[in-house]
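Visitor: Dropping the structure in here first, questions after.
The values are calculated or read from the model by the stated rules, or taken from the named source; none is laboratory data. On a predicted model such as this, the values are computed, not experimentally measured, just so you know. When we count neighbours, we look across all protein chains shown, and the Cβ atoms used for this are built from the backbone with ideal geometry, even at glycine.
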């Protein structure tokens with residue numbers, strides 16, 4: 001990236017001089033690197049400012065282009081806020097949106113999607129890996145279903161890129177949102193994969209000079225695009241090694257927690273999941289207190305987008321997780337650069353504070369005595 | 001990409017050991033705890049891998065390329081250092097966390 005922040009400062013769209021040519025060449029190399037990681041053709045990659053923009057483009061753009069004949073979109077209740085909010089915008093414009101519920105393990109039922117499809121469905125949008133609980137949706141089945149029913153299949157692949165193998169051809173994916181900073185690339189850049197065969201048309205969000213095949217006008221940031229491409233190339237090389245390492249860390253984390261404290265619940269499927277995203281609830285304690293106690297460890301309850309609000313996560317609510325447990329949920333993120341020492345420290349800290357909070361919790365005491373918390377009448381009748 | 005001379009000359013065991021040591025030394029130069037740890041782990045892992053003789057030259061060339069990357073990035077990381085992490089303090093703080 002640094003050469004593009006220093007000497008090679010050319011505009012990649014300038015056709016008439018060497019500064020432009022060298023910047024364009026670098027951007028095209030990056031484009032090919034991104035495409036290679038998902039089994040796509042470089043021409044199918046549209047650089048954006050991130051996955052949020054890509055999600056907006058996919059949802060709003062496809063619905064708008066086919067608006068005359070298609071007035072329906074299918075998605076799930078656990079999608080990222082930018083997908084859900086874009087769908088809400090569509091509803092305001094008269095498009096019907098079906099928000100499918102998920103099972104207790106966080107997975108959407110392929111049959112439920114099939115039943116929800118209508119002759120005028122334009123798009124099905126189901127994220128590949130959930131950012132809060134780490135579950136992996138059945139992409140292959142969904143892709144095959146959508147292809148058979150001639151409906152476009154969009155998936156938010158921000159958390160999946162470079163972490164699980166993705167092949168847009170094999171999975172019948174028509175649109176996919178990608179984010180650079182989720183795979184150790186720079187913030188501020190992402191991409192939307194837009195299938196060319198069969199062609200997916202969409203109305204651009206941003207109009208102007210016609211860059212990115214007219215789908216996303218605006219000068220590209222060569223430094224960011226190059227960073228994104230390099231991150232993809234590294235991920236392609238290291239995916240196997242990362243998976244082994246992160247799997248080991250996740251097992252260490254979970255074993256460390258469950259061997260020392262009881263009533264620890266994993267939120268989301270234990271089989272169809274990405275190991276690096278572990279969301280657990282600790283019964284009988286208050287979540288915010290635990291989070292503050294763990295401030296030396298960069299964890300979150302919910303995701304960065306929702307961490308400002310005090311409401312329990314809508315994703316956990318969609319899973320049917322008990323309100324009390326949802327409040328005590330902590331999401332541990334493990335990655336390529338996480339060390340065993342860090343995991344051990346996180347376990348030590350978490351165990352210590354869960355025990356401390358439980359020791360002073362009257363609710364925990366009641367639970368130990370076998371009292372059903374739900375049956376308690378908290379307010380007095382007058 | 002490699003010049004005719006390096007392609008023709010086989011990579012000797014000495015070269016490999018020298019590259020391994022250079023990579024480990026360079027990796028120790030990262031100011032960032034996580035990059036330091038990852039560099040050490042990954043270098044050791046990669047050099048321990050079973051490799052068929054045909055791919056050694058390519059792996060070696062890649063290693064040389066990565067050595068340049070590590071050296072540059074370690075230097076840059078020392079230009080812009082962040083505060084040390086909790087996990088890095090020698091007698092690291094007891095898991096005290098938030099005050100009561």
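Visitor: Testing residue A:132 on (1) surrounded by fewer than 16 Cβ atoms within 10 Å (Cβ to Cβ); (2) modelled with pLDDT under 95, one condition comes back false. Which one is that?
Guide: (1)
Visitor: Hey, another quick one. Which one of these does residue A:371 not meet: (1) part of a helix (DSSP H, G or I); (2) away from every other protein chain (no Cβ under 14 Å); (3) modelled with pLDDT of 80 or more?
Guide: Single failed check for residue A:371: (1).
Visitor: Restricting attention to region A:337-368, report how many residues are outside any helix (DSSP H, G or I), more than 12 Å from chain B (Cβ to nearest Cβ) and surrounded by fewer than 15 Cβ atoms within 10 Å (Cβ to Cβ).
Guide: 0
Visitor: Identify all residues within region A:247-268 that are buried (at least 20 other Cβ atoms within 10 Å of the Cβ) and closer than 18 Å to residue A:337 by Cα; write none if there are none. So that I can check it myself, show each step before the final result.
Guide: We begin by selecting, within region A:247-268, every residue buried (at least 20 other Cβ atoms within 10 Å of the Cβ); these are A:249-250, A:253, A:257, A:267-268.
Residues satisfying the conditions are A:249, A:250, A:253.
Visitor: Among the residues of region A:273-316, write down those that are loosely packed, with under 15 Cβ neighbours inside 10 Å and either at pLDDT below 75 or more than 14 Å from chain B (Cβ to nearest Cβ) (or both).
Guide: Selection gives A:298, A:304, A:305, A:307, A:308, A:309, A:310, A:311.
Visitor: Just the residues that are surrounded by fewer than 16 Cβ atoms within 10 Å (Cβ to Cβ) and either modelled with pLDDT of 90 or more or assigned to a helix (DSSP H, G or I) (or both), please, taken from region B:41-56. Please lay out each step first, then the result.
Guide: Pass one, region B:41-56, residues surrounded by fewer than 16 Cβ atoms within 10 Å (Cβ to Cβ): B:44-45, B:48-56.
Within region B:41-56, B:44, B:45, B:48, B:53, B:54, B:55, B:56 qualify.
Visitor: Answer yes if at least one residue in region B:73-95 is away from chain A (no Cβ under 12 Å) and at pLDDT 95 or above, and no otherwise.
Guide: yes
Visitor: I would also like to ask the following. Quick check on region A:131-149. Is at least one of its residues touching a strand residue (DSSP E or B) at 6+ places or on another chain (Cβ under 7 Å) and farther than 23 Å from residue A:113 by Cβ?
Guide: no
Visitor: Between A:220, A:224, which is closer than 14 Å to residue A:47 by Cβ, in contact with a strand residue (DSSP E or B) (Cβ under 6 Å, 6 or more places away or on another chain) and buried (at least 17 other Cβ atoms within 10 Å of the Cβ)?
Guide: A:220
Visitor: Take residue A:170 and tell me if it is surrounded by fewer than 22 Cβ atoms within 10 Å (Cβ to Cβ) and either over 20 Å from residue A:36 (Cα atoms) or free of Cβ contacts under 8 Å to residues at least 40 places away in the same chain (or both).
Guide: So residue A:170 does not fit the description; no.
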